[in-house]
1. Please sort 126-133, 17-24 by packing, taking for each peptide the average over its residues of neighbouring beta carbons within 10 angstrom, highest first.
2. Give me the distance in nm between label points sitting 7 Å out from Cα along the Cα-to-Cβ direction at Asp138 and Ala23, one decimal.
3. By per-residue mean of other Cβ atoms within 10 Å, what is the highest-first order of 31-38, 79-86, 97-104?
4. Between Asp105 and Val118, what is 0.36 nm times their sequence separation minus the Cα-Cα distance? Round to one decimal in nm.
Amino acid sequence: MLLTSCFVNRPGVLRLIDEAIAAPDIAVGICSAATKAGFLKVVNSIVGPERLARLDVIMAGDDVTRKKPDPLIYNLAREKVNLPSSKCVVIEDSLVGLRAAMGADMPCVITPCPSSDVPDFKAHGAKAVMDVNVGLGDGSNEIVTLAKLFPPGAEAPNFDFGGGYGSSSSGSSGGAGSYSSGGYGAAAPVTRVTKGADGVVYDPDQFDADANRRSR
């Protein structure tokens, strides 16, 4: 299953959604923390009603009792299509979204917005971090494709995007989202993740281990 947030105007996101819609064995959805009124206005304009009608899941912040970084919205989306988290991939653009995906135990690819102030998404657990200007790639520069994410016969999603844009989990140097040599390597060990009893992923500096909740 392919799940994305509401940043669908990032390069390559609409193309990847179209690839998933065309694949009979792949479910695809949009999960946004925005309120439904604002969310629908944006996605109707950018995604279009015809494409929206073919999605398997569409969820907004109003549809859940706890918003991101709580993993509830992604867990509910997964339940709607009856898939385990290991068979899902989340495309996000923010640290809050990444933490929601990780709280749901779903691998996450980050295509950051130009305004992002997060210096190292991979240290927070992202499987790959794309170039801020290139995103997932479009046209002659397609980087992340459905065929690469879900190879035929594979037991789990793949994050080796080939062509100098990725490596296997055993990894080469460069690191996901390091932007060195124009490539995106395997994600480095996660160093900034703490999951509470509530399933929410927190920054360790903002987590009270004894109380199992956010400290500030």
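No value in this document is a laboratory result; all are computed from the given coordinates. Source: prediction; values computed, not measured. Positions of Cβ are backbone-derived with ideal geometry, glycine not excepted, and every protein chain shown enters the neighbour counts.
1. On the way: 126-133: 22.4, 17-24: 16.1.
Ranking, from highest mean packing down: 126-133, 17-24.
2. With each label point 7 Å from Cα toward Cβ, the separation is 2.1 nm.
3. Details: 31-38: 17.4, 79-86: 12.4, 97-104: 26.5.
For the peptides 31-38, 79-86, 97-104, the packing ranking is 97-104, 31-38, 79-86.
4. So the extension gain works out to 2.6 nm.
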